[in-house]
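The values are calculated or read from the model by the stated rules, or taken from the named source; none is laboratory data. Just so it is clear, the structure is predicted and the values come from calculations on it, not from any experiment. Every residue, glycine as well, gets a Cβ built from its backbone with ideal geometry; the counts of neighbours run over all protein chains shown.
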Amino acid sequence: MRSSTVLSALRFPGHGQGLGRCSMAAQDTKASHDAVLRGKIYIDALPADVAPIRRLLEKYSGIRAKDVDEHIHYMRDRLWEIYPYVCIGHFRFLSLQFTYDPRYQMALRRLLLPRSRATFLDLACCVGQVLRQLAYDGVDANRLYGTDLEPRFLDAGYDLFKDRAKFKATFVAGDMVKPGEGDARLQVLDGKMSIIHATSFFHLFTWDDQVQAATRMIRFLDPHDPDATIFGRHVGTTKPGDRQGPRDNARYLHNAETWQKLWDEVGKLTGTAWRTEFEPIEKVGGHSTSSLDDTLRRMSFGVYRA
Ligand SMILES: C[S@@+](CC[C@H](N)C(=O)[O-])C[C@H]1O[C@@H](n2cnc3c(N)ncnc32)[C@H](O)[C@@H]1O
């Protein structure tokens with residue numbers, strides 16, 4: 001039986017920030033808001049596309065088939081306790097749909113070329129499922145890197161995939177939008193990367209924070225690599241602009257034009273030039289707490305040197 005105590009003790013910790021000095025009334029309002037939110041973003045049933053991750057957990061991690069579902073539920077609740085992202089509540093952190101993305105397949109081909117020295121960074125990698133899939137697909141894990149704000153996600157990844165003793169990828173915890181000089185812990189990644197993957201990341205932030213994160217990303221790329229690239233997926237919209245996120249956080253959602261505009265701004269700030277691609281994959285349910293937003297689309301993107 002998986003634990004239900006995690007759910008009964010539900011709170012939205014804000015990556016380490018508690019309720020702090022909130023009044024009792026504010027706490028009540030927050031508790032009822034959290035309960036509504038939990039109803040929307042925490043689901044019990046495993047998604048339809050769970051077969052590939054089941055296979056990976058059996059073949060890569062060596063978990064017995066009969067134990068896989070319980071392991072998945074146990075790990076999901078552990079991650080939810082760290083921070084209740086929609087992608088965790090909906091088990092999307094286990095989706096291996098990205099393996100069908102042509103940009104992922106191109107990255108994989110490049111990483112697997114004979115004598116390839118190409119490197120791959122999964123940015124905001126959470127439990128690092130993309131990196132495990134690449135390793136399972138035959139990529140030398142010494143050329144794989146992952147970073148995330150939350151070190152507990154990185155650590156939980158070893159328990160999810162049961163590979164603490166064997167997985168040779170490098171993980172670095174750090175904040176991509178730390179103001180001022182930025183997060184010094186991330187400097188070890190500077191100038192090293194051929195390919196950066198970032199999924200369900202940009203849509204968490206305001207325009208200004210996206211500029212900061214993208215500017216920081218460029219420093220990770222190998223400046224001498226003309227094929228250095230950034231790709232991934234996130235929620236976009238047919239009506240670009242500011243939106244409220246699931247926790248009433250401000251964020252900016254893009255269409256193809258505003259996505260290019262963001263990278264033009266980043267290019268000016270960094271003395272670089274970028275060409276972007278941005279395509280809708282599917283319609284997604286509204287994440288706004290107040291009303292349904294039917295302009296939302298899951299978008300796939302690529303960013304290339306111009
Ligand atoms: C919605 S999850 C997506 C995780 C993963 N990319 C995936 O697709 O399954 C967002 C991730 O971004 C990370 N994150 C949030 N803010 C961040 C920041 N300022 N710097 C680095 N990572 C951050 C979170 O810890 C979380 O793992």
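Of note:
Residue-wise test of (1) in a helix (DSSP H, G or I); (2) within 16 Å of the ligand (Cβ to nearest atom).
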{"position": "ALA107", "(1), (2)": "yes, yes"}
{"position": "VAL127", "(1), (2)": "no, yes"}
{"position": "ARG164", "(1), (2)": "no, no"}
{"position": "LYS178", "(1), (2)": "no, yes"}
{"position": "ILE196", "(1), (2)": "no, yes"}
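- Test result for ARG132, under 22 Å from LEU221 (Cβ atoms), basic (Lys, Arg), touching a residue at least 24 places away in the same chain (Cβ under 8 Å) and out of contact with any His (no Cβ under 6 Å at 6 or more places or on another chain): no
- In the range 59-74, the count of residues that are modelled with pLDDT under 90 and acidic (Asp, Glu) is zero.
- Top-ranked residue of the range 100-132 - restricted to ones that are under 15 Å from the mean Cα position of the chain (by Cα) and not aliphatic (A, V, I, L, M), ranked as nearest to ASP163 (Cα to Cα): ARG132
- Meets criteria (near the ligand (Cβ under 9 Å from one of its atoms), of a type outside the set (Asp, Glu) and modelled with pLDDT of 95 or more) for GLY174: yes
- Selected residue (criterion: nearest to the ligand (Cβ to nearest atom)) from residues of the range 223-254 that are closer than 22 Å to SER300 by Cβ and in contact with a Gly (Cβ under 9 Å, 6 or more places away or on another chain): GLY232
- All conditions but one from (1) within 29 Å of GLU277 (Cβ to Cβ); (2) not in a helix (DSSP H, G or I) apply to PRO84; the one that does not is (1).
- Of everything listed in (1) closer than 24 Å to LEU186 by Cα; (2) among the hydrophobic types (A, V, I, L, M, F, W, C); (3) away from the ligand (no atom under 16 Å from the Cβ), the single unmet condition for LEU112 is (1).
- Matching residues in the range 183-194 - criterion: being touching a helix residue (DSSP H, G or I) at 6+ places or on another chain (Cβ under 6 Å) and either surrounded by fewer than 21 Cβ atoms within 10 Å (Cβ to Cβ) or in a strand (DSSP E or B) (or both): ASP190, MET193
- Residue selected from the range 198-222 under the condition polar (S, T, N, Q) and either part of a helix (DSSP H, G or I) or near the ligand (Cβ under 9 Å from one of its atoms) (or both), by the criterion nearest to LEU262 (Cα to Cα): GLN210
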